[in-house]
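The values are calculated or read from the model by the stated rules, or taken from the named source; none is laboratory data. In this text, all values refer to a predicted model and were calculated from it rather than measured experimentally. Don't worry about glycine lacking a Cβ; one is built from the backbone with ideal geometry, like all the others, and counts go over all protein chains shown.
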DNA sequence: GTCTATACACCGATAGAC
DNA sequence: GTCTATCGGTGTATAGAC
C-alpha cells in the first residue's frame with residue numbers, strides 16, 4: 001500500500017531521469033553528430049558525472065538502443081497514422097507511404113543513421129527494440145497488401161527504392177530537395193511496373 | 001646521375017612501404033571492419049611501431065584517404081572497361097553499367113563503406129581523391145548519355161536506384177542475392193519509365 | 001633521414017567510498 | 001545514487017637514438 005505508492009514514485013523518478021538523459025543525448029547527436037555523443041558530455045548536460053550514467057543505462061550502447069527504440073516508436077506512430085487515412089487509389093496510397101517514410105527519414109540525419117545505417121560501430125539493437133522496427137515494416141506491408149501489393153519481391157523493391165532516394169538526398173544534397181522531387185515519379189514508375197491502374 | 005638514380009630508389013622504397021601499409025590496413029578492414037583499423041594494429045602487421053606510420057602518412061585520415069582513392073581508382077577502371085564494350089542496345093548497356101557497379105560495391109563491404117557511406121566519422125576525402133570519384137561518375141554519365149539518357153534527373157534516379165539496391169543487399173542479406181535478383185527488373189522499370197524501346 | 005620511446009588528451013568502463 | 005580515482009585503449013605529437 002504505502003510501500004507500493006512509494007515504489008511507484010521512485011519508478012517515475014527513475015524513468016524521468018532516463019528520459020532526461022536520452023533527451024540530452026539526442027540534443028548532442030542532432031547538433032554534433034551521432035558518433036560525437038560522449039558519456040562525459042551527456043552527463044555534463046544533465047548535471048552529473050559520467051560514471052553515474054551507468055546507474056541508468058547498462059552501457060553506452062544500451063543508451064543508443066533506447067534511442068533506436070525512440071526512433072522506431074515515432075516512426076511506427078507516423079506510419080500507423082498513415083494506415084488510418086482513407087485510401088483514394090492504390091497508387092496514391094503507395095506514394096503516401098513512401099512520402100511519409102521519406103520525409104520522416106530526411107527530417108533527422110542522426111535519427112536516420114541510428115535507425116537505418118551502421119554508423120555506430122559496435123551497436124546492435126536489442127531484440128526488443130528491433131521488434132518495433134519489424135512492427136513498423138509490418139504496418140507498411142499491410143498497407144501495401146491492401147493496395148494489392150503482396151509479392152515479397154515487390155515489397156523488397158518498394159523498400160530499396162525509398163532507401164536509395166533517402167540516402168542520395170542526405171548524402172549529396174542535405175537540406176535540399178534534389179531527390180525528394182524524384183519520389184513521386186519513382187513510385188509512379190514502380191506502380192506502372194507492378195501493373196497498377198493509371199489514374 | 002648517380003644521385004638521381006639513388007633518389008629514385010629511395011622514392012620507390014618509400015612508395016613500396018606506403019603500399020605495404022595500405023595493404024595491411026585493407027586486410028584489417030576486410031576481416032575486422034573498417035572502423036576497427038587502428039594505427040597500432042596496422043603498424044604491427046608491417047613490423048613497425050604506430051608512430052612510425054606518420055613518416056608515411058600525415059594522419060590516420062590521410063591513410064583512409066589513400067584507401068578511398070584506391071577504391072575509386074579500381075572502380076573507375078572497371079567502369080571504363082564497361083564503357084569500352086560494344087553496345088548492343090541502350091537497355092542492355094544501362095543494365096550492364098548498373099550490374100557492374102552493383103557487383104563492385106557488394107563485393108567488399110569495407111570498401112563500399114569507405115567509398116559511399118559516412119562510416120568513418122571525421123573522414124572527408126581530399127579534393128584529389130574526390131576527383132577520382134567524380135571522374136568515375138562522369139564515365140558513367142557519358143555511357144548513359146550514349147544511350148540517350150541525358151537528363152540530369154534521370155542520372156540522379158539511376159544512381160539512387162543502384163544505391164538503394166546495394167544498401168538493402170548489404171544491410172539485410174549480406175552474402176545473399178535477395179536484392180541482386182531485383183536489379184535487372186529495376187533497370188527495366190527505369191528504362192520503361194524514360195521511354196527506351198523494348199527489345 | 002627513419003624509426004623508436006615516451007607522453008598527452010580523450011574515450012568507455014569499473015571499483016569502492018560516502 | 002552519485003561521487004572520485006583509475007584502468008586499458010585510442011589517435012596524435014614530439015624529442016631523440018641510430
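A few comments on the model shown:
- Hey, residue A:158 surrounded by 15 or more Cβ atoms within 10 Å (Cβ to Cβ), in contact (Cβ under 8 Å) with a residue 40 or more places away in the chain and at the interface with chain B (Cβ under 8 Å from one of its Cβ atoms) or not: no
- Filter result (buried (at least 17 other Cβ atoms within 10 Å of the Cβ), closer than 25 Å to residue A:117 by Cα and within 14 Å of DNA strand D (Cβ to nearest atom)) within region A:23-62: A:24, A:35, A:39, A:42, A:57, A:60
- No other residue among A:163, A:122 is within 11 Å of chain B (Cβ to nearest Cβ), under 27 Å from residue B:154 (Cα atoms) and in contact (Cβ under 8 Å) with a residue 12 or more places away in the chain apart from A:163.
- Check on residue A:192, more than 9 Å from chain B (Cβ to nearest Cβ), free of Cβ contacts under 8 Å to residues at least 60 places away in the same chain and closer than 25 Å to residue B:196 by Cα: no
- Meets criteria (within 13 Å of chain B (Cβ to nearest Cβ) and in a helix (DSSP H, G or I)) for residue A:177: no
- So residue B:11, is it outside any helix (DSSP H, G or I), more than 14 Å from chain A (Cβ to nearest Cβ) and more than 16 Å from DNA strand D (Cβ to nearest atom): no
- Residue match in region A:17-40 (condition: more than 30 Å from residue A:139 (Cβ to Cβ), away from chain B (no Cβ under 14 Å), in a helix (DSSP H, G or I) and within 12 Å of DNA strand C (Cβ to nearest atom)): yes
- Residue check for residue B:96: more than 16 Å from DNA strand C (Cβ to nearest atom) and without any contact (Cβ under 8 Å) to a residue 24 or more places away in the chain: yes
- Subset of region B:72-91 (residues that are assigned to a helix (DSSP H, G or I) and in contact (Cβ under 8 Å) with a residue 60 or more places away in the chain): B:72, B:75, B:76, B:79, B:82, B:83, B:90, B:91
- Any chance residue B:77 is at pLDDT 95 or above, over 21 Å from residue B:186 (Cβ atoms) and over 12 Å from the mean Cα position of the chain (by Cα): no
- Output for region A:41-54, where each listed residue is farther than 19 Å from residue A:126 by Cβ, in a helix (DSSP H, G or I) and near DNA strand C (Cβ under 10 Å from one of its atoms): A:41, A:42, A:43, A:44, A:50, A:51, A:52
- Residue in region A:138-148 that is touching a residue at least 12 places away in the same chain (Cβ under 8 Å) and within 12 Å of another protein chain (Cβ to nearest Cβ) present: no
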